[in-house]
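The values are calculated or read from the model by the stated rules, or taken from the named source; none is laboratory data. These numbers come from a predicted model, not from an experiment. Cβ placement follows ideal geometry from the backbone for every residue including glycine, while neighbour counts extend to all protein chains displayed. With ligands, DNA and RNA removed, areas are computed over all heavy atoms of the protein, side chains included. Shrake-Rupley method; radii C 1.70, N 1.55, O 1.52, S 1.80 Å.
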Amino acid sequence: MNGTDEKYWTLGGDLRVARMGFGAMRLPVSTLGGPANDRETGLAVLRRAVELGVDHIDTAAFYYHGDLSANDMIREALSPYPDGLVIATKVGPHKGPGDLAPTGQLETGELRAEVERNLRELGRDTLDLVYLRHGGLEPPGEESIAERFAVLAGLREEGIIRHLGVSHVSAAQLDEARAIAPVAAVQNWFDVTRPQDTAMLALCAREGIAYVPFFPLGGFGIPDDPRLKEIAGRHGATVPQILLAGLLALSPATLAIPGTGSLDHLEENVAATGVRLTDEDLAAIDEIAAGPDTP
Ligand SMILES: NC(=O)c1ccc[n+]([C@@H]2O[C@H](COP(=O)([O-])OP(=O)(O)OC[C@H]3O[C@@H](n4cnc5c(N)ncnc54)[C@H](OP(=O)(O)O)[C@@H]3O)[C@@H](O)[C@H]2O)c1
């Protein structure tokens, strides 16, 4: 780990965002199969996030549970949108009305309609950043994403998408996309205790592409490691704050989008930008990452 204090990153060369953002997937429901969250709390979380300086919100039209939709909540809580608020969304997965999670991929010919659905639900004329989300949760493969990414590149040419991203991709798939159109961000599965995607992060940092991990807090539960607790204890911080501060310290290109449906967790996560990790802390986190995976 290098350690960096950079507060901002400029997406695609023209959209400046604070590196501590917000992931909207947990607004409708905090855990897969869990009870629906409360709509009013979700709206309050979004408004408080913006008050706290969050100006990068990550969402998708398939983030819904019952009649709670993240996109609808974002529109209701925040529109008319404040200047400079960047809303990133993603298309690719198919999720039917009764499904808890995506069950497959949209056909190439369905991607335009999914982009238009995001425009409608968010109440925007242009989408700031749209990722092509590829595959399921298995490790990214080598199959071509060119045909699907080219559809989004066409919509960028039309002007309804400002910047493009790719999500859950291999280096070869990123190369394939970049040969078609500029890629402003990569959103892959990563947290500081899970080193598998380190080479992709390094590649993004080198190429000026934002690296925006999903599941930055472990996704399925906060990693339970005594060494993380020890670092947290020394800083009077929590383990989620150490995970986020560690992520931001990795490289100026990493953007955090922790997801929560809780006001207290939101405050805690945003406050992680104030945690200054020492070289010793960063070395200890590197050691955790080098060891066996935290489940
Ligand atoms: N591209 C993709 O395939 C993909 C996949 C997954 C997610 N995403 C995006 O990435 C964002 C981040 O991932 P994520 O939200 O799934 O996972 P995450 O940020 O790793 O973890 C979220 C979970 O941690 C809990 N949590 C949050 N802050 C906490 C805190 N301070 N203390 C204790 N627990 C806390 C949340 O529950 P509470 O609600 O109770 O706080 C939720 O269950 C998503 O919101 C979404 O925008 C993208």
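Within segment 170-195, restricting attention to residues that are open to solvent by 20 Å² or more (accessible area, probe 1.4 Å) and either outside any helix (DSSP H, G or I) or in contact with a Pro (Cβ under 8 Å, 6 or more places away or on another chain) (or both), the residue that is nearest to Asp225 (Cα to Cα) is Arg194. As for segment 91-108, it holds at least one residue that is within 14 Å of Ile161 (Cβ to Cβ) and within 16 Å of the ligand (Cβ to nearest atom). Selection of segment 198-249 for residues being open to solvent by 30 Å² or more (accessible area, probe 1.4 Å), within 16 Å of the ligand (Cβ to nearest atom) and either β-branched (Val, Ile, Thr) or over 18 Å from Pro139 (Cβ atoms) (or both) yields Gly221, Ile222, Asp224, Lys229, Gly233, His235, Gly236, Thr238. Residues in segment 66-80 that are open to solvent by 40 Å² or more (accessible area, probe 1.4 Å) and either within 20 Å of the chain's Cα centre (by Cα) or not acidic (Asp, Glu) (or both): Gly66, Asp72, Arg75, Ser79, Pro80. Consider segment 89-103 and keep the residues that are touching a Lys or Arg at 6+ places or on another chain (Cβ under 9 Å) and at pLDDT 95 or above. The one that is surrounded by the fewest Cβ atoms within 10 Å (Cβ to Cβ) is Pro93.
Number of residues in segment 56-78 that are touching a helix residue (DSSP H, G or I) at 6+ places or on another chain (Cβ under 8 Å), part of a loop (DSSP other than H, G, I, E, B) and more than 15 Å from the ligand (Cβ to nearest atom): the value is 0.
Scanning segment 34-43 for residues that are more than 8 Å from the ligand (Cβ to nearest atom), buried (at least 16 other Cβ atoms within 10 Å of the Cβ) and touching a residue at least 40 places away in the same chain (Cβ under 8 Å) yields one hit, Gly42.
Okay, residues lined up against (1) open to solvent by 10 Å² or more (accessible area, probe 1.4 Å); (2) within 21 Å of Trp9 (Cα to Cα); (3) assigned to a strand (DSSP E or B); (4) at pLDDT 95 or above:
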residue	(1), (2), (3), (4)
Leu32	yes, no, no, no
Val45	no, no, no, yes
Arg48	yes, no, no, yes
Val54	no, yes, no, yes
Ile87	no, yes, yes, yes
Glu110	yes, no, no, yes
Glu114	yes, no, no, yes
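Of the residues making up segment 144-169, those that are touching a helix residue (DSSP H, G or I) at 6+ places or on another chain (Cβ under 8 Å) and farther than 21 Å from Ala101 by Cβ are Ser144, Ala146, Glu147, Phe149, Val151, Leu152, Leu155, Ile160, Ile161, Arg162, His163, Leu164. Among all residue pairs at least 6 apart or on different chains, which show Cβ distances below 9 Å where the first residue, located in segment 70-89, is free of Cβ contacts under 8 Å to residues at least 40 places away in the same chain and the second is open to solvent by 40 Å² or more (accessible area, probe 1.4 Å) and not β-branched (Val, Ile, Thr)? From segment 70-89, the pairs are Glu76/Arg39; Ala77/Arg47; Leu78/Arg47; Pro80/Gly123.
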